[in-house]
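Enquirer: Provided herewith is a single structure, encoded as structure tokens, for subsequent inquiry.
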Amino acid sequence: MTNAKLKFTIPEEIRFISQELSRAGFENFLVGGCVRDLVRKALDGELVEPKDWDIATKAKPGEIIKLFPKTFYENEYGTVGVVNENEIDETLKIIEVTPYRIEANYSDFRRPDEVKFSGKLEDDLSRRDFTINAIAFSVSKGQIIDPYKGRDDIKDKIIRAVGEPENRFNEDALRI
């Protein structure tokens, strides 16, 4: 299963953002729920459309902001909202673009006390909750990065934590 080639339909707005990041020299990948939903649709033919689109990148917030005409950045996690004002589809009006990151300590059992930007996609994927959400897709290369075998878990309809389940649930109580 892990070597199977899947075909995804990626909206033009997402392709544009990915291309602009790539042109500026910043590696970038679709991550999280949108990739999970694309895989589910490709594997099962289910009518699963992503509810939102997230891109992880080597670019830092200031570098992301410089590339797009309308953005906002109002958080501690590095997420820049790239705004597509004239878009009718609600899922494409705001695309979240976030630097690869590492998180540490969750003293309130909900949000990390510390966020550090990383230069590696693997760091970002390793902090995610479940294997089915720790899959990345390169729009430019058509390549899937799946270090935790999330595609197999989607196919087998299994939910597994990335790493130690107790650690993942202690980080964020909403995961339970």
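The values are calculated or read from the model by the stated rules, or taken from the named source; none is laboratory data. The shown structure was predicted, so the numbers you read here are calculated from the model rather than taken from an experiment. Here Cβ is always computed from backbone atoms with ideal geometry, including for glycine, and neighbour counts include all displayed protein chains. For accessibility, only protein heavy atoms count, side chains too; no ligands or nucleic acids. Shrake-Rupley method; radii C 1.70, N 1.55, O 1.52, S 1.80 Å.
Enquirer: Out of (1) open to solvent by 40 Å² or more (accessible area, probe 1.4 Å); (2) under 30 Å from ASP156 (Cβ atoms); (3) charged (D, E, K, R); (4) free of Cβ contacts under 8 Å to residues at least 40 places away in the same chain, the odd one out for LYS70 is which?
Expert: Here LYS70 meets the rest and fails (2).
Enquirer: Go through segment 9-124 and tell me which helices (runs of 4 or more DSSP H), entirely inside it, have 3 or more residues that are closer than 27 Å to VAL162 by Cβ and in contact with a helix residue (DSSP H, G or I) (Cβ under 6 Å, 6 or more places away or on another chain).
Expert: Helices (runs of 4 or more DSSP H) meeting the threshold: 33-44.
Enquirer: One residue is enough: does segment 99-112 have a residue meeting the conditions surrounded by 13 or more Cβ atoms within 10 Å (Cβ to Cβ) and modelled with pLDDT of 95 or more?
Expert: yes
Enquirer: Moving to a separate point now. Would you pick out the residues in segment 147-176 that are of a type in the set (Asp, Glu), over 19 Å from GLU46 (Cα atoms) and in contact with a Phe, Trp or Tyr (Cβ under 9 Å, 6 or more places away or on another chain)?
Expert: GLU171, ASP172
Enquirer: Would you say ALA161 is within 24 Å of THR9 (Cβ to Cβ) and small (Gly, Ala, Ser)?
Expert: Against the criterion (within 24 Å of THR9 (Cβ to Cβ) and small (Gly, Ala, Ser)), ALA161 does not qualify.
Enquirer: If you don't mind, there's one more thing I want to ask. Do you know which of the residues in segment 43-64 that are open to solvent by 60 Å² or more (accessible area, probe 1.4 Å) and in contact with a Ser or Thr (Cβ under 8 Å, 6 or more places away or on another chain) is modelled with the lowest pLDDT?
Expert: Among them, the one singled out is GLU49.
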